[in-house]
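What follows draws every value from the coordinates through simple rules; no lab data is involved. All of these numbers come straight from a predicted model, not from anything done at the bench. Counting neighbours? That spans all protein chains shown, and the Cβs are built from the backbone with ideal geometry, glycine included.
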Amino acid sequence: MGGRRVTGYLVGHRERPPVSSIKDLHEILDAEPLLDAHLLELTRWAAEYYLCPWGEVIRTALPPGIDSLTCQVARVTSAGAAAMDGEGFLRPGERELLAFLRVRGEAPLPALTRRWRRARAMAHSLARRGLVDLQAEVRPPRIRPLTIPQCILAPGVSPETAPLSPRAMKQRAILRALAGAPAGLPKGEAAAGNPTALAVLIRRGLVQMREVEVTRDPFAHPQGLAPSESPRELTAAQAEAVALVQTALSERRFLPVLLHGVTGSGKTEVYLQAIENALGQGRQALVLVPEIALTPLTVRRFLARFGGKVAVLHSGLRGGERYDAWRRIRRGEADIVVGARSAVFAPLPRLGILVVDEEHDPSYKQEEGPRYHGRDVAIMRAKLLQVPVILGSATPSLESFERAQTGRYRLVRLPQRIEERPLPRVDVVDLRRVEGGDRLLSPPLVAALEACLGRGEQALLFLNRRGFSTLLLCEECGAAAGCPRCSVSLTYHAGRGRLRCHTCDFERRAPDRCPECQGSRLRYLGFGTQQLEVAVRERFPRVRVARMDRDAAHNWQAAARILEGLEGGSIDILVGTQMIGKGHNVPNVTLVGVVSADMALHLPDFRAGERAFALLTQVVGRAGRGERPGLAVIQTYNPEHYILRAVQAQDYAALWEAESPLRREHGLPPFARAVLAVLSSPEAGAVEQAAVEFARLLREAGIRREAMSGPAPAPLYRVRGRHRWHLLARGRDGGTLHVRIHEAMRRLQKSAVARGVRVDLDVDPGSLC
Ligand code: ADP
Ligand code: ZN
């Protein structure tokens, strides 16, 4: 391609090329196809639907790191070698780089840039002067199967008849052990403390060493894998759902089922039994969950019911582990795959049922690259395969609910908790009537905490902002510490005494004086989880308090440890962000406090109400999962807000009745399709011009003015130094809308106005912020 060698995906073949001059393929890198016909079709659909290149979706569908990459490789030329020996001018850095290359023979540019910041520029300059040769080459994939040397019995050798001296007891024992392990044993294990005896056997050719592929799988602990949970007798509503799915499966029919049931109503049991039926028919299952680290309970229940048939794909897997799991799945060795969003592309060869748990969860939407929605891809996958798909939620997305209302999905309700355990009572505290100093922990919340702890029970405190304080303000000049690259204020993180941008991770030391006026009266305003934790410790000095947010639980192991502490009873009060609201189930948690509901209620986004309802319902639902009844206390300045009333009454119908007329009136999802265009550039003027031009092209392509919002500066105007403009286009028919946008996009890219401006299209945007 233009003199370079690049890797691509081969997706088909034509008898006759569509253009006159074509180039030869240099090399085919894979011995067998990466994706089967079904996954090719699915990725192609996703590319067309999400208005992004097919290759990008294919890359998303494959485990990261397996695609070979092209990069430039540098070598010293003979002129370069001569220059080093003194015949020509070299800068000091260049001399070092040439010396390195001479020792190594050659090196890929990325490896050089890791050593010298300016390596790329230096290498190009040296290449121009003929001292270095730069070639684009295909590098082998970073990730390969892991093999380890194993000892195996040489062919034809038997432990009983092998020609050993009768006194060589140890050698014979080794042969016996190997006879019992046809797949071989690692050296240490085979030797069993007698490396000399093993060495003799190898030298005599009775034992051979062979490279054997092993699977890297952190969930492969044998003791955790034996099935240990048995199916329950289903309630009538559960049985109805399982039967529907069973029929669709036997009739090989596409059937989306929306399973709407409050937390604890038995949805997971439905998934488990529907999957068991599918397995009984020789089919396989794919289960999507929002975030593996935060839903250990769900994962454990799948492992407990199905043991080693389950492959878990989670973000904590290292590259090699993920690759191994993917290959195990592709070979048909895992009958059930449980994973987050990207697992929707898992290459199960006999897929017969899909499950999307917590189908409303925003984490199913990918926010960069191909902006696909895991749930919607799962639905399309079920449709292409003609199999059933179950969408489960206590708070369905309005999209899914609308489709159930109009009959496109089958709706099954599980109206009650199992054993008729009551839902938690929800008390709302009006913060307008609370003294200033008590607004973090109001007297009613403190009383509830005291009562809960007094009974030896546990509590969760929810606050959706991490850090210590969210705004540093100078009281002398009024300046606020903001991110130099984004239009947001910096959050103060206590422990390390630093200010941090939660949008781009920019960080700096917290100043002693105002950088604007040198004033010394700095004030920290707005509280986050760190400050809440401190306040809770002060108020309850002898109580065991822990915190769970992106800072305290920086990886999945840390998150799992905190949840284990809660389950094991070593934490009395857990403070945290929405991380504490997902699918765990601790019977001794009887109180949930929502420290501030107002942020969630007032986001500048048409989904704000729906999101707040789902989030608060989920958090509130963590209380009283066991024998004892639960209580939730919500603190707010808007006690009359319709969302809070709906949460209080646990009334999804109230949410639907309040939200749907507004959405219908404004032509917003679920009553129309929407595509958000985000234009961005470091130049404020350029991006504005391009946005105006794009709007004009959209109108020319047939989208009416009333079906567009914007162009306007995005609510989050600056991110990482780029100025951003938004334009939302809506239409009744997704297909027509996409074609029109595609057309306008093609013309915009040709126009001079768009030079240097990036345009990201977000189909079915999850949020407008
Ligand atoms: P959800 O997924 O809706 O939160 P679960 O399936 O986890 O609900 O069920 C909640 C609890 O009730 C679990 O402990 C589960 O084992 C139990 N359970 C589910 N279905 C039944 C049933 N039909 N009979 C008895 N117990 C059940
Ligand atoms: Zn920033």
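Okay, helix-only estimate at 222 nm for the chain: each DSSP H run of n ≥ 4 adds -39500 (n - 2.57), divide by all residues, round to 500 deg cm²/dmol; what do you get? My calculation for the chain gives -10500 deg cm²/dmol from helical runs alone. Most tightly packed first, judged by the mean number of other beta-carbon atoms within 10 Å of their residues, the peptides 254-267, 432-445 read 254-267, 432-445. With bins 10 Å wide beginning at 0, the percent of Cα pairs of segment 642-706 falling in each bin runs 17, 28, 25, 19, 11. Comparing Cα centroids, segment 577-596 and segment 500-525 end up 32 angstrom apart. Taking the Cα centre of segment 277-344 as origin and assigning +1 to Lys and Arg Cβ atoms and -1 to Asp and Glu Cβ atoms, the resulting dipole is close to 100 debye.
Here the mean projected area of the convex hull built on the C-alpha positions of the chain is 45.2 nm². Per-residue extension of 0.36 nm, minus the Cα-Cα distance of Thr161 and Ala653, leaves a gain of 169.3 nm for this segment. With the gyration tensor restricted to C-alpha atoms of segment 309-390, the semi-axes of the equivalent ellipsoid amount to 19, 17, 11 Å, longest first.
Within the set Lys309/Lys383; Lys365/Lys750; Lys267/Lys309; Lys170/Lys309; Lys383/Lys582, which residue pairs have Cα atoms separated by over 27 Å?
Lys365/Lys750; Lys170/Lys309; Lys383/Lys582
Extension gain, Glu700-Arg513: 0.36 nm per intervening residue step, less the Cα-Cα distance, totals 61.9 nm. If you find the alpha carbon centre of segment 285-349 and of segment 694-726, how far apart are they in angstrom? For segment 285-349 versus segment 694-726, the Cα centre distance is 39 Å. For segment 678-692, backbone phi angles converted through the Karplus equation (6.51, -1.76, 1.60; θ = phi - 60°) give residue-by-residue couplings of 10, 9, 8, 6, x, 9, 4, x, 4, 6, 5, 4, 5, 5, 5 Hz, Gly and Pro being listed as x.
With coordinates expressed along the principal axes, the C-alpha atoms belonging to segment 549-621 extend over 39, 27, 18 Å, beginning with the largest.
Kindly provide the trypsin sites (Lys or Arg not before Pro) of segment 675-769 that DSSP labels as loop, not H, G, I, E or B, and whose Cβ sees at most 13 other Cβ atoms within 10 Å. Walk me through the numbers on the way to the answer.
Numbers: sites: Arg696, Arg699, Arg704, Arg705, Arg718, Arg720, Arg722, Arg724, Arg730, Arg732, Arg740, Arg746, Arg747, Lys750, Arg755, Arg758; in loops: Arg704, Arg720, Arg732, Arg755.
In loop regions of segment 675-769 (DSSP not H, G, I, E or B), the sparsely surrounded trypsin sites (Lys or Arg not before Pro) are Arg704, Arg732, Arg755.
Counted by neighbouring Cβ atoms within 10 Å, the residues Ser397, Ser751, Ser363 run from fewest to most as Ser751, Ser363, Ser397. Charge dipole of segment 574-666 (Cα centre as origin; +1 on each Lys and Arg Cβ, -1 on each Asp and Glu Cβ, all else neutral): 340 debye, rounded to the nearest 20. The charge dipole of the chain, taken about its Cα centre with unit charges on the Cβ atoms of Lys, Arg (+1), Asp and Glu (-1) only, comes to about 2020 debye.
Note on Ser21, Ser487: ascending count of other Cβ atoms within 10 Å places them as Ser21, Ser487, the fewest first.
Suppose a student asked you for the relative contact order of segment 1-140, using Cα pairs under 8 Å spaced at least 6 residues apart; what percent would you report? Dividing the mean separation by the residue count of segment 1-140 yields 30 percent. Which is farthest toward the positive dipole end of segment 373-418 among Ala404, Ala394, Gln416, measuring Cα position about the Cα centre, with Cβ charges +1 (Lys, Arg) and -1 (Asp, Glu)? Working it through, the farthest residue towards the positive pole turns out to be Gln416.
Between Arg720 and Gln405, the contour length at 0.36 nm per residue exceeds the alpha carbon distance by 109.2 nm. Packing-based ranking of 652-664, 380-392 yields 380-392, 652-664, ordered from highest to lowest mean Cβ neighbour count within 10 Å. Packing order of peptides 93-106, 296-309, highest average first: 296-309, 93-106 (average count of other Cβ atoms within 10 Å over each peptide's residues).
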